Structure formats: structure tokens, C-alpha cells
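Structure first, then comments.
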Amino acid sequence: MEKKKKYYFSTFNLVLMAIIAVIGGVINGTFMYNLIQPFKPLFTFLGPISWVPLSGLYVLWSIVARLLIRKRGAGTLYGLIQGFVEMLAGNRLGPWAILFAGMEGLLVDIGFEIIRDKTKFLSSLLGAALANLAADEIYFFIFGLTSSYVLYVGGIVAIISGIIFAGLLGWLIARAIYNTGIIKVANP
Amino acid sequence: MRKSLAYFKEDSFFHKMDPTLKMVWILLISILTFLKNIDPNYSSVIRQLIIYIMVLIITSVLCKIEFIRYIKAISVFALTAVFILIYKVLFFPYTTTESFTLIYELSFIKITHEGIFEGMGFALRILILTSLSIIFILTTEPKKMVQSLMQVAKVPYRIGYTLYAALRFIPSVYEEYKNITNAHLIRGVGFSRIGLYSRLKLLKSSIIPLLISGIRRAQEISIAMDSRGFGAYKERTIVNKIEIKSLDKVFVIITLFFLIFYIFLLMYYKI
């Protein structure tokens, strides 16, 4: 008879979340900045929302974590941990960074619940789109960018950015990890 | 980690305060900042200015954060606040559907009363919220915060351990990342003067090894932890017991009463 598991998230799940959160924090804080800076001028035509087209990259890690730890709620817990790491790494939102990242993770989880495809490809795209849309709309309100142009155009750009830079890229990264054989679960 | 936004040792009230209560206090002040302060008018700007001055006094007196340290920490967000102020002052009519009083017009630039107040209001709100974050980050020792979350906020200790682990992994992951980028540089691969596709390829060849070494480490650590009985009991013993000082409680309760009093004034006296 199989022994019933004592905890929903195994020790491996938790340690893996901690490591991905740190990798995400380090990459977001160093590598990502160098990566996106040269491309910002390309989007100046968007005016005050020129940062939105690349904002999806910040949701990438929640998608990667959710794909590597295939359990309900993994995105939310991962988000909270990443928010904690980001706060300590110098995110100026302070304790609010925990709430924001947790909310992004929750929306990633919701996306994975709405679409349950076998390869998790569509789930990743939906989760990333929802998370990036919500995060960017909250930023619009915080920074007082509440015109209908910003809310609608910014929202659409946020969805596209989330799909490409978080959903698609996250899914490709997770697939590359699975292809190495280091984690033995089926697709992606 | 940004040096301007890292914990520093000091003998102040906020440095000694329990991190969980500190978070509650920040939440209360944040609510205070947003309460009826969204409308673009004179009184909402004055109310926010008073809150900002109060936060600045706390930063200096109760946190003992030097002025230079505070300026360094807030600089980026202060620039954002100034940008939003200018944007709102010059282009307010394009951002709203409500009526406005025009002061000056030049081509597409329209300076309005409401724009000036809304710009000032938003700038102050950003400064207040950022200052609260700075207070929290500069005065809270990460280790103590995790202990407080586990003991005061009753976060399960397995989750608390995950936060501890994340703190411990920061230097080693950073070291690993530097090794990978150095290996790229030795082979003549770098970020300068390359296109988007090459950048994404480089991103992939940095992230995948970093994740794989992270997963390997997670496997080793989790096996070691499980074999030592991590999570065997629902409760665990505590070496550093956290006790909330009554002064911390009083401080948060006073802030709560102040918030309730403020709501009362807003409702009955329409200040």
C-alpha cells in the first residue's frame, strides 16, 4: 500500500522554488537589465508605456517554476518566495513586492487551471498573459497612467508581451530543462 | 544586491521593532495614503504632504537613516515621481474624461489646476510608498524577518526554511552566474553589439546551465534534508525565540487609532 504523503509540497519542491526564485532575482537584477536596455528606444512611440512591451520578461520565472513544479498553487507560493527575494535584493516596492509577485503567481496558477492541455503550452501562454496584464495594469494605476489609451493599448501590449516573453519563452526553457533529463516528468 | 538598499546595523527603534509588526505598520500608513487622496484637489495634496513629512521625521528620528543614505535609496523613484508630475501638469486633459480648469495652453500642452494637483498627489504618493519600503528594507535584518514570520505570523516552518534557503543561495547563485558569463567572455561571447536573436540565444545559454546546476543542488539538498528528518514533526524547537515588545504593539495600536480617527474626520467633518 502506498504511503500517503505528509506534505503537499515535497522538500525538493520547496528547495527548487528557493533556487529558481534566487536565479530569477539575480537574472532580473543584472542580466535582464543589460538585455532590455538597447531595445527600449524601439518602443518610444508608445509614449509613457514604452516599458510595457518587454515587461513579460519579469513574469518568466513564475511560468518556469510552475512548469517545473507541476502542482496546483506552485505558482503562488513561488511568487511569494520570489517577492521576498526581490525585496531583499533591493526592489523599491519593499514588502509590496511580495504581494505583487504573489498575485502574479496566483494568476499563473489560474491560467493553468483554466486550460489544462497535456503539453502545458496553452496553459503557459494564458497564465503569462493574465499575470502580465494584471501586474502592468496595477503599475499603471500606481503611476497615475489612467487614460483610456494607456489602459487599453497598454493592456493589449502587456498581454502580447506576457505571451511571448513569459509564456512562450518560459515553456521553451522548461522544455529544454526536461530534454536534459535532469527532471523526469513528461512534457513539455 | 543594491548596496543603497540593504540592511544596515543601527541602534534605533525601527531596527529593534518586530518585522511582522513593522509590515502591519507599513500597511496601515499605506491605507492612510490612499484614503480619499485620489481626487485632484488642494486638500488631498496637503494631506499627503503631511503624511510624507511624518514619514520623513520617522525615517530620521525613529530609524536613524542618514539623509545621504535616504537620498541614494530613493533617487530612482524620486526621478519617476518628477517625471509623473511633469507629465500630469502638461498633459492632464489627455489622461481624464472629467472636467478641468485651464490655466495655460500652448499647442498640445495644456496646463490645468487639476493636472497640477493630480501630478503633485501622485508624486507624493510614490515618495511616501517608496519611503516606507526604504524604512522596511534598511531596518530589517532578513534572518530576523524569517524568524518573525515563522513565530509571530505563524508561517509554516517548512515555508520559512524555504525563505532561509533562498537567502543562503543568493551569493552562490550569483557566483555561478558570474562563472557562466566569464566562460562566455573567454569564448568571445558578450552582450555588446549583438542583435535581439543573438541576445535571446545568449540568454538561453546562460539560463539553462544556471537552472540545471540549481536543480542538481536542490536534489542534493532535499535528499540530505529528508534523510535528516526535515518536516518529521508538525512543530519544531526554536533557538532564537522572538518576543514582541509592548512598545512595538503600542506603536502599531497608536497608528491604528490614528487611522480610525482620520477615517472619522473624513466621514463626519469632510476635511
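The values are calculated or read from the model by the stated rules, or taken from the named source; none is laboratory data. Keep in mind that this is a model prediction, so the values were computed, not measured. Virtual Cβ from ideal backbone geometry, glycine too; neighbours counted across all protein chains shown.
Structural remarks
- Qualifying positions in the stretch A:128-185 - free of Cβ contacts under 8 Å to residues at least 12 places away in the same chain and of a type in the set (A, V, I, L, M): A:Ile142, A:Ile156, A:Leu172, A:Ala176, A:Ile182
- Being more than 7 Å from chain B (Cβ to nearest Cβ), out of contact with any Leu (no Cβ under 8 Å at 6 or more places or on another chain) and modelled with pLDDT of 90 or more holds for only one residue in A:Leu54, A:Leu106, and it is A:Leu106.
- On inspection, A:Tyr33 passes the criterion of being modelled with pLDDT under 75 and of a type in the set (Phe, Trp, Tyr).
- Scoring A:Leu125 on the criteria (1) farther than 20 Å from B:Leu200 by Cα; (2) free of Cβ contacts under 8 Å to residues at least 60 places away in the same chain leaves a single failure, condition (1).
- The one condition in (1) buried (at least 21 other Cβ atoms within 10 Å of the Cβ); (2) farther than 23 Å from A:Phe9 by Cα that A:Ile81 fails to fulfil: (2)
- Taking the stretch A:75-98 as the range and being more than 10 Å from chain B (Cβ to nearest Cβ) and more than 14 Å from A:Gly24 (Cβ to Cβ) as the test, only A:Thr76 passes.
- Annotation note: of B:Thr130, B:Thr140, the sole residue that is in contact with a Lys or Arg (Cβ under 6 Å, 6 or more places away or on another chain), β-branched (Val, Ile, Thr) and closer than 30 Å to B:Val82 by Cα is B:Thr130.
- Residue in the stretch B:191-213 that is closer than 30 Å to A:Arg175 by Cα, of a type in the set (Val, Ile, Thr), surrounded by fewer than 16 Cβ atoms within 10 Å (Cβ to Cβ) and outside the structural domain of B:Lys9 (by TED's automatic domain parsing) present: yes
- Test result for B:Glu243, free of Cβ contacts under 8 Å to residues at least 24 places away in the same chain, of a type in the set (Asp, Glu) and within 12 Å of chain A (Cβ to nearest Cβ): no
- None of B:Ile103, B:Ile53 is part of a helix (DSSP H, G or I), free of Cβ contacts under 8 Å to residues at least 24 places away in the same chain and either outside the structural domain of B:Phe257 (by TED's automatic domain parsing) or surrounded by fewer than 20 Cβ atoms within 10 Å (Cβ to Cβ) (or both) except B:Ile53.
- Looking only at the stretch A:157-177, and only at residues there that are within 11 Å of another protein chain (Cβ to nearest Cβ) and in contact with a Pro (Cβ under 6 Å, 6 or more places away or on another chain), the one that is surrounded by the most Cβ atoms within 10 Å (Cβ to Cβ): A:Ala174
- Any hit, the stretch B:33-42, residues being within 12 Å of chain A (Cβ to nearest Cβ) and in a helix (DSSP H, G or I): yes
- On inspection, B:Lys72 does not qualify as assigned to a helix (DSSP H, G or I), among the charged types (D, E, K, R) and within 17 Å of B:Gly115 (Cβ to Cβ).
- Some residue of the stretch A:106-117 being of a type outside the set (Ser, Thr, Tyr), closer than 17 Å to A:Leu54 by Cβ and touching a Gly at 6+ places or on another chain (Cβ under 8 Å): no
- Qualifying positions in the stretch A:135-156 - away from every other protein chain (no Cβ under 14 Å), among the aliphatic types (A, V, I, L, M) and closer than 23 Å to A:Leu93 by Cα: A:Ala135
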